[in-house]
Structures are given as structure tokens and as C-alpha cells.
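One structure is given here, and the rest of the page talks about it.
The values are calculated or read from the model by the stated rules, or taken from the named source; none is laboratory data. Because the structure is predicted, anything quoted here is derived from the model rather than measured. Note that we place each Cβ from the backbone using ideal geometry, even for glycine, and neighbour counts take in every protein chain shown. Protein only, heavy atoms only, side chains kept; ligands, DNA and RNA dropped before computing areas. Shrake-Rupley method; radii C 1.70, N 1.55, O 1.52, S 1.80 Å.
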Amino acid sequence: MLARILLVPYLIAVAWIVFAPADDASRVTGVVAWAADFVATLGIPRMPGYVVLEFLANIALFIPFGVLVRLATTRLLWWAVALLGFATSVTIELVQLSLPSRFSTVSDVVANTAGTAIGWVLVSILSRESRDLTTRTADLIDR
């Protein structure tokens, strides 16, 4: 139940980040430019560094989506959650086509879908580990 509640403010925050004018959204996403500048001081050219960091930031942005959808709808299989992340990302990119200060990219769809799948996998691993720990603890108590 909590995951369903948290999904709403998460989606509102994502909508603000992806649909706000670029100047406003850069207040949140400006950390990518800052990180690219920092990486450039280490000798990695800013532009390839920025592209990689932006891709990783898009993955990170959608990991909570996969986590929350997995927790909110425990019966969905990984591919259904990944497909939902894909559809959500495609919708975002299509809307961004009509926004003058935003840019649509296929790499965002790939990164967002990957982030969604990673979120699902993380919850699955952690819940499996939790079940295993509970089983081992119960076995120890029974002895």
C-alpha cells in the first residue's frame, strides 16, 4: 500500500523534471553538468563524460519507478514492469517533442527502461534474501 502512495509523488517529481522548461529543470539536473565538469578536471573530456553521466542519471531516475511498481504490484513479471517503464519513457519523449526547450532521445528511453528493470531486480533480490534469512532464522529457532 505504501508503495502505491509513494508512486504518486515520485511520478509528480519525474513529470516536473522531464516536462519543466530546461532552465527550471536544470536546477535539479544541473548536478550532471557539475559532475561532468568535475570529471573533466580528472582528464576525461567534458562532452563524452556528460553524455555518459546523463545516461546514468536517467537510469538512476527510473530505478525508483521499478522499485515502486514492483512493490505496488507484486504479481507483475519483470518484463511487464520493464514494458511499463518503456511505455512511460516513450510517452515522456513524445511529449518532449512538443516542448521547445526539451530534447527527445532514444538513449533516454533505453536508460529509463534499464533503470526500471534494475529497480525490479533489486526488489526481487532483496525480497528473496529476506525470505531466505527468515527461513534460516526459523530453522535455527526450531533446532
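Here are some notes:
- Any chance Arg70 is open to solvent by less than 70 Å² (accessible area, probe 1.4 Å) and in contact with a Pro (Cβ under 9 Å, 6 or more places away or on another chain): no
- Cross-chain or 6+ apart pairs with Cβ under 7 Å, the stretch 103-127 first and without any contact (Cβ under 8 Å) to a residue 40 or more places away in the chain and on the phi < 0 side of the Ramachandran plot, then surrounded by fewer than 18 Cβ atoms within 10 Å (Cβ to Cβ) and not in a helix (DSSP H, G or I): Ser104/Leu97
- Enumeration of residues in the stretch 12-26 that are open to solvent by less than 80 Å² (accessible area, probe 1.4 Å), free of Cβ contacts under 8 Å to residues at least 12 places away in the same chain and within 17 Å of Thr91 (Cα to Cα): Ala13, Ala15, Ala20
- Listed by position, the helices (runs of 4 or more DSSP H) contained in the stretch 1-99 that have at least 2 residues being at pLDDT below 90 and in contact with a helix residue (DSSP H, G or I) (Cβ under 8 Å, 6 or more places away or on another chain) are 2-19, 22-41, 46-72.
- Sole residue being more than 16 Å from the chain's Cα centre (by Cα), farther than 30 Å from Ile125 by Cβ and basic (Lys, Arg), chosen from Arg75, Arg102: Arg102
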